[in-house]
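The values are calculated or read from the model by the stated rules, or taken from the named source; none is laboratory data. Please read all numbers here as calculations on a predicted model, not as lab measurements. Note: ideal-geometry Cβ built from the backbone for every residue, glycine included; neighbour counts use all protein chains shown.
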Number of protein chains: 4
Amino acid sequence: MRGLLAAGRILGRSVGRLRRLSPGQTLRRPLTTCDLPPRTPPTIARRAGAAGFGDDEADHQYALTWHGAGPRAVLIVKKPDDAQADAALGAIATWLRGAYPQISVVLEPAVHGQFRAALPFARTVAPGAERDEYSRVVDFVVTLGGDGTFLHVSSLFRAHVPPIIPFSMGTLGFLLPFDVADFQPQLRRVIEGAATLLPRMRLLYAKRRADGSLDDASRLDVTNEACIHRGTYPHLTTVSCFLNDHLLTTSVGDGIIVATPTGSTAYSLSAGGPIVHPLVSSMVVAPVCPRSLSFRPLMLPSSATVRLQVHPESRGRAAAYVDGRECGELRQGECIEISRSPHPLMCVNRDDLAAGWALDINSLLQFNRSFSYPHVSPFVDRVPQK
Amino acid sequence: MRGLLAAGRILGRSVGRLRRLSPGQTLRRPLTTCDLPPRTPPTIARRAGAAGFGDDEADHQYALTWHGAGPRAVLIVKKPDDAQADAALGAIATWLRGAYPQISVVLEPAVHGQFRAALPFARTVAPGAERDEYSRVVDFVVTLGGDGTFLHVSSLFRAHVPPIIPFSMGTLGFLLPFDVADFQPQLRRVIEGAATLLPRMRLLYAKRRADGSLDDASRLDVTNEACIHRGTYPHLTTVSCFLNDHLLTTSVGDGIIVATPTGSTAYSLSAGGPIVHPLVSSMVVAPVCPRSLSFRPLMLPSSATVRLQVHPESRGRAAAYVDGRECGELRQGECIEISRSPHPLMCVNRDDLAAGWALDINSLLQFNRSFSYPHVSPFVDRVPQK
Amino acid sequence: MRGLLAAGRILGRSVGRLRRLSPGQTLRRPLTTCDLPPRTPPTIARRAGAAGFGDDEADHQYALTWHGAGPRAVLIVKKPDDAQADAALGAIATWLRGAYPQISVVLEPAVHGQFRAALPFARTVAPGAERDEYSRVVDFVVTLGGDGTFLHVSSLFRAHVPPIIPFSMGTLGFLLPFDVADFQPQLRRVIEGAATLLPRMRLLYAKRRADGSLDDASRLDVTNEACIHRGTYPHLTTVSCFLNDHLLTTSVGDGIIVATPTGSTAYSLSAGGPIVHPLVSSMVVAPVCPRSLSFRPLMLPSSATVRLQVHPESRGRAAAYVDGRECGELRQGECIEISRSPHPLMCVNRDDLAAGWALDINSLLQFNRSFSYPHVSPFVDRVPQK
Amino acid sequence: MRGLLAAGRILGRSVGRLRRLSPGQTLRRPLTTCDLPPRTPPTIARRAGAAGFGDDEADHQYALTWHGAGPRAVLIVKKPDDAQADAALGAIATWLRGAYPQISVVLEPAVHGQFRAALPFARTVAPGAERDEYSRVVDFVVTLGGDGTFLHVSSLFRAHVPPIIPFSMGTLGFLLPFDVADFQPQLRRVIEGAATLLPRMRLLYAKRRADGSLDDASRLDVTNEACIHRGTYPHLTTVSCFLNDHLLTTSVGDGIIVATPTGSTAYSLSAGGPIVHPLVSSMVVAPVCPRSLSFRPLMLPSSATVRLQVHPESRGRAAAYVDGRECGELRQGECIEISRSPHPLMCVNRDDLAAGWALDINSLLQFNRSFSYPHVSPFVDRVPQK
């Protein structure tokens, strides 16, 4: 709250100054990223000491090292129709322009249009192959908004996504470790290569037709979960779940979810799944309202391939959903295939992941609230005071 | 069943022949392992193709390669007071003696005493440092019995345990992929280096005193789960759970379990935990009858260190349990500490792990039995027929 | 199976005989119930001894006593497009015509059209006020089909429903205690007043507009469950649940179910609700995928009034469903109101309810299947053999 | 808190005055209830309008009507070793003595000894048949303490228990609707017949020997739950559960609980059972850590008889527990039998049960805490302010 007001004040000043400096700018053609050089990928290496999770091969946090002169283009993505996010975007872009003039600020086309007067130095991508162009030039991404804004970033890039630093507009979250009020020190850490990255595993979603062929156009990276659900169809759907081509189970019910550790605290949790630490390399399979007493959630190795098929004789149809969005209807015999994406999201994170995660599950999920004595919650005295 | 009868018949013949060959043998001193050379550790390397679980660093099955002349000593461990296990032990030892005379058969002292007449060639360890001696000479271990016999093996060695091939006496299980009736081809595969190994992660258990110091003598390797439970104490116990020194939660209830993936289908499952594939590198934290509506099971990275402390002001005491056995009382302020053991159990396993695991959770756990139509279980036609 | 074949053979003979007796009948106008006298309601009184559930006021089975000459009209309702149900209907109608000629057989209009040639003595209701006419003349109802057919009966009557005797076409169920192969002795018991009735509580559903007024046209009797669910709407719905005008909780999630004991083994069970014996006078409130770790199912007294309101500020809309059918969209501020219906369904049942229910939850729900040893299920030897 | 301080101040004044009035009193023999007349049982009739739960036969609150001159003896039971309860007892007894001199204050012997000097008018029961004497004279009971004190009352009477008014020492609870700070108006309401009673169903517990005979001496009334649990025994116990002599299920695990609606928020809730409103006439059967994925909690009619038998071939023994206290070991073949007690506890309660219960499950159980936004709990503004 305090942070947002501060951001607002900064923006107020910035916008005022910018307006005086840039008369007539709206007549010019939009400034694009065409003339920016391709990005130089940073080195991302395990931070052995910092993670606090020992010496394991699989489950580490990472350090970010830029090459050459450091990052040269930042994409700022914001929640639409949100005054606080607007204010924060203006404040951050203006501050970056002053503190790091060598870094170009890139905005999505609609956002660029909105801020063209206020932020005349901002660039956008030329219409056409936006995803390719973002992938070509963006060194890191700032998100301003909630989980939805964070999830949206995934769709802007082809496969690989540059490091993301997500800012909340007031309510911290699993995906939102930083308050926008702290943007200056946090961005400095990223730009100067002092940030810690948490790799968030993604899944790769694709649809297979009833004849078994893959629908290449259907491929999507999954941040939270892929799911098959009867949605609007009144009849229960019969879904067969295969693990590496072996039939695991056939379920009649509302649906089946396959979630990442990141997604374990989203829809999968509502469906009864466990809370999975983001450093566990695994996927959760959880049923939605199964007609069974004994469909307990499963934890599969992240190297598994899971297929969910609408049973050829299912009475009901179903639809596929990725991160909460419908991807199309599935008819009898069609299936979705889920495996680990080779492109995790590298997220700037708090340095002490264990402490942060403990705080999150307690404060965000209301984890293990004891009966009768809410005032003895061990976390009452531990929530950091701003 | 068929297997056991077959084993019985083989034993009957063997014992008859052995008796004629070895009159007066009971007068001799027991044959020990003293004169055996130290074992040559085999090479255990990832079987990239076979596991069916892709190209991941963490979650693989392994191939076993012996060096020199191959294994020279096998420890056979059997369920006590079980006629079927007795019969199987006799049959296996006799067959090994004939087929692989270069391999010494080693038995635990009590078992050796029982079979001294029937298996005069069998060796045992001299009294004293049994664990050191087993570790020095045993190349691989055969177990004959149920899960309890398998768990017992862990206690016979110091830290590192040689590869284990577990045989069931009729009922297959997660830990018991092979029926003893098939012992000949399965043992041939092990001895000739054609077997597939599944690494089963273990945990390391230790007790910390109320002053924070570690009780070195308390260290144990954990195959299924370590747990803190009020046991006989009438009052609910208050237990604080720490993740890498950060307080995660404080729970009032019957207890808390920390389980391996192997243990996820044992007590943790009864307490509501998920079913975890053995290749997931993780530990489950599950509460036992918590006084809370919101203590959902947690999946932590295997590199985490978990401490469970009887709260200094807990009204109730508690006891610690490892793999179902009590390890002693815990008073207020005392705690148990759990981290990953560097010494997984390397278990000979079916080659196709995914298929075997799918079969196990369906046939052993009665996973996802659908309502109303038990006859449409997809597994009815898929259970392999012997 | 045997029963259905038997029924088929009976029908074959019957239809043959009927065809010879009734040439030209299809030219006549349909025979209706207009000239039937109004039904004389039977006495339905507690069977103190038989129920096996002691001397309680609330939870009893009931005996049926006809007055005067006994029942005079039976409505037979069948599953559409099902050859087995067609065969059974013919067999039952024909047998009734011979054994109890004083009882008129009544069919729904479409069914009557289908069987007009084969069953010329069958009656139907004149178009117009079908529900009033069924309520006026029908003494008892026979259903032939699955649970859906049973649920359909509820919609054919105004409020009060005459006693129902449900026959399964092969698979017994909670709602289907009798196999159609046994129709003769079971129907004799009903007609001769020797049957035991189980009262199945229903709920009364109505919609309230956002201004608080009741939508009278929306009233429905509920056999299984009423529910509010986001259905096709992508955003999570915020629903407030009121108990007798007191706010009980506000839930964000997929939906909330209010179920009868009969419905406790339907959708409510899939959502995590308990299994409720039909003699418990209660309603279950169970959430569907709530965004909460601590929404445990609630058991409320059957005399409670529950209101589920789409929160005035809910981001998502929702729809109402009764017994699996959509009843219309609910906008922000609208709500559904659920209370006990004064008109339970009186269902002919097995005399020993406790034994039958125990059998049902074991055989139909696969209740409490133990791990590892499916062969020791205590019910293997107890399932009645036909 | 405020209440307790107030009670302390009242006691301070009272004790001072009493001390001056009664020198030398400790030399006299204890004042007993011998000369009190037998109690005249009050009329307890349904309060049709007040309960807010309609017109149902089974689920009502009740009004209390005294006969003749009203109540003449109150038993005050307090938590041991608790300064606040001591202060409250003194305050209440002294106030009653002044306001209602016709009512004798009765204390348990040990408490009477403690307060003999301060409360010289208090009576106790003569050693010998305490339970008979309490049952003979006590018109109503005041409890001062927590749930444990409330549960203790049950053990002081033979079968029938007079109306109870339970006061909390600061933390309200399901069983503790009144704060002791409000004792004056609440006691006035009871004594003047204006109180509302909530009947809390109890269960009747008895042990059956392996030969099937009933152990009469084992009979106990159960307020929360009866349970069979392996307790100290290391092996899992196999327990068969019978419903009215019909085998319902056989469970391997830690134990099985049979709970009242009152007990549904105690141990049964920790074991996964539903939250049952106290006006639902039912018992919960919930497993403790069963070796099964499919043992869902059951709701049985209150008129059922449930037997839990340690299976004759169980590997493990077990113990029986009633309301958290061990009642003795159970060997193979022995069982416990549970049915509804004819003697519910009649508890003075808030007049608006629905509102109170809604408040309790939210504030005491932390029911349905939504994710992420603890500040939007609908109950924040509704908790009554004192």
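Right, D:S302: touching a residue at least 60 places away in the same chain (Cβ under 8 Å), in contact with a Lys or Arg (Cβ under 6 Å, 6 or more places away or on another chain), facing chain C (nearest Cβ under 9 Å) and crowded, with 24+ Cβ neighbours inside 10 Å or not? Criteria met by D:S302. Of all residues in the range A:305-332, exactly one satisfies the criterion of being without any contact (Cβ under 8 Å) to a residue 40 or more places away in the chain and under 27 Å from C:A266 (Cα atoms), namely A:E329. For beta carbons closer than 7 Å, sequence separation of 6+ or different chains, a first residue in the range A:160-188 that is without any contact (Cβ under 8 Å) to a residue 40 or more places away in the chain and a second that is in a strand (DSSP E or B) and of a type in the set (D, E, K, R), the qualifying pairs are A:S168/A:D179.
Here A:A358 does not qualify as in a helix (DSSP H, G or I) and touching a residue at least 60 places away in the same chain (Cβ under 8 Å).
So that you can scan it fast, the table gives a plain yes or no per residue for (1) under 19 Å from D:E334 (Cα atoms); (2) touching a strand residue (DSSP E or B) at 6+ places or on another chain (Cβ under 6 Å); (3) without any contact (Cβ under 8 Å) to a residue 12 or more places away in the chain:
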{"position": "D:L204", "(1), (2), (3)": "yes, yes, no"}
{"position": "D:K207", "(1), (2), (3)": "yes, yes, no"}
{"position": "D:G212", "(1), (2), (3)": "yes, no, yes"}
{"position": "D:A217", "(1), (2), (3)": "yes, no, yes"}
{"position": "D:D221", "(1), (2), (3)": "no, no, no"}
{"position": "D:A226", "(1), (2), (3)": "yes, yes, no"}
{"position": "D:R230", "(1), (2), (3)": "yes, yes, no"}
{"position": "D:Y233", "(1), (2), (3)": "yes, no, no"}
{"position": "D:V239", "(1), (2), (3)": "yes, yes, no"}
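Looking only at residues that are touching a His at 6+ places or on another chain (Cβ under 8 Å) and hydrophobic (A, V, I, L, M, F, W, C) in the range C:113-165, which one is surrounded by the most Cβ atoms within 10 Å (Cβ to Cβ)? So, considering only residues that are touching a His at 6+ places or on another chain (Cβ under 8 Å) and hydrophobic (A, V, I, L, M, F, W, C), the one surrounded by the most Cβ atoms within 10 Å (Cβ to Cβ) is C:V161. I'd like to know if the range D:202-216 contains one or more residues that are under 30 Å from D:T65 (Cβ atoms), surrounded by 22 or more Cβ atoms within 10 Å (Cβ to Cβ) and in contact with a helix residue (DSSP H, G or I) (Cβ under 8 Å, 6 or more places away or on another chain). Within the range D:202-216 (the criterion being under 30 Å from D:T65 (Cβ atoms), surrounded by 22 or more Cβ atoms within 10 Å (Cβ to Cβ) and in contact with a helix residue (DSSP H, G or I) (Cβ under 8 Å, 6 or more places away or on another chain)), the answer is yes, since at least one residue qualifies.
In the range C:16-49, what residues are among the charged types (D, E, K, R) and at pLDDT 55 or above?
Passing the criteria: C:R28, C:R29, C:D35, C:R39, C:R46, C:R47.
If the condition is being more than 7 Å from every other protein chain (Cβ to nearest Cβ) and outside any loop (DSSP other than H, G, I, E, B), then the range C:270-286 contributes C:M283, C:V284, C:V285, C:A286.
Scanning the range D:287-300 for residues that are farther than 19 Å from C:S270 by Cβ and not in a loop (DSSP other than H, G, I, E, B) turns up D:P287, D:V288, D:C289, D:P290, D:L300. Please tell me if D:N224 is at the interface with chain C (Cβ under 7 Å from one of its Cβ atoms), surrounded by 23 or more Cβ atoms within 10 Å (Cβ to Cβ) and in contact with a Gly (Cβ under 7 Å, 6 or more places away or on another chain). Against the criterion (at the interface with chain C (Cβ under 7 Å from one of its Cβ atoms), surrounded by 23 or more Cβ atoms within 10 Å (Cβ to Cβ) and in contact with a Gly (Cβ under 7 Å, 6 or more places away or on another chain)), D:N224 does not qualify.
Residues checked against (1) over 26 Å from A:N224 (Cβ atoms); (2) hydroxyl-bearing (S, T, Y); (3) under 19 Å from the mean Cα position of the chain (by Cα):
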site	(1), (2), (3)
A:L64	no, no, yes
A:G68	yes, no, no
A:L75	no, no, yes
A:P120	yes, no, no
A:R131	no, no, yes
A:T143	no, yes, yes
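Residue-level check: of (1) in the same structural domain as D:R136 (by TED's automatic domain parsing); (2) more than 23 Å from B:L293 (Cα to Cα); (3) part of a loop (DSSP other than H, G, I, E, B), D:L176 misses just (2).
Looking only at residues in the range D:361-381 that are touching a helix residue (DSSP H, G or I) at 6+ places or on another chain (Cβ under 8 Å) and more than 7 Å from every other protein chain (Cβ to nearest Cβ), which one is modelled with the highest pLDDT? Among those residues, the one meeting the criterion is D:I361.
Any residue at all in the range D:87-101 that is farther than 21 Å from D:P166 by Cβ, surrounded by fewer than 17 Cβ atoms within 10 Å (Cβ to Cβ) and assigned by TED's automatic domain parsing to the domain that holds D:V190? Looking through the range D:87-101, at least one residue is farther than 21 Å from D:P166 by Cβ, surrounded by fewer than 17 Cβ atoms within 10 Å (Cβ to Cβ) and assigned by TED's automatic domain parsing to the domain that holds D:V190.
Restricting the range A:223-262 to residues that are among the hydroxyl-bearing types (S, T, Y) and outside any strand (DSSP E or B), the residue that is modelled with the lowest pLDDT is A:T232. Checked across the range A:195-213, the condition of being in contact with a Gly (Cβ under 6 Å, 6 or more places away or on another chain), away from chain D (no Cβ under 14 Å) and part of a loop (DSSP other than H, G, I, E, B) holds for at least one residue.
Matching residues to (1) within 20 Å of B:Y321 (Cα to Cα); (2) within 27 Å of the chain's Cα centre (by Cα):
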site: B:T196; (1), (2): no, yes
site: B:P199; (1), (2): no, yes
site: B:D216; (1), (2): yes, yes
site: B:N224; (1), (2): yes, yes
site: B:H246; (1), (2): no, no
site: B:T262; (1), (2): yes, yes
site: B:Y267; (1), (2): yes, yes
site: B:G272; (1), (2): yes, yes
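Of the strands (runs of 3 or more DSSP E) entirely within the range A:310-354, none holds at least 3 residues that are in contact with a helix residue (DSSP H, G or I) (Cβ under 9 Å, 6 or more places away or on another chain), within 14 Å of chain B (Cβ to nearest Cβ) and acidic (D, E).
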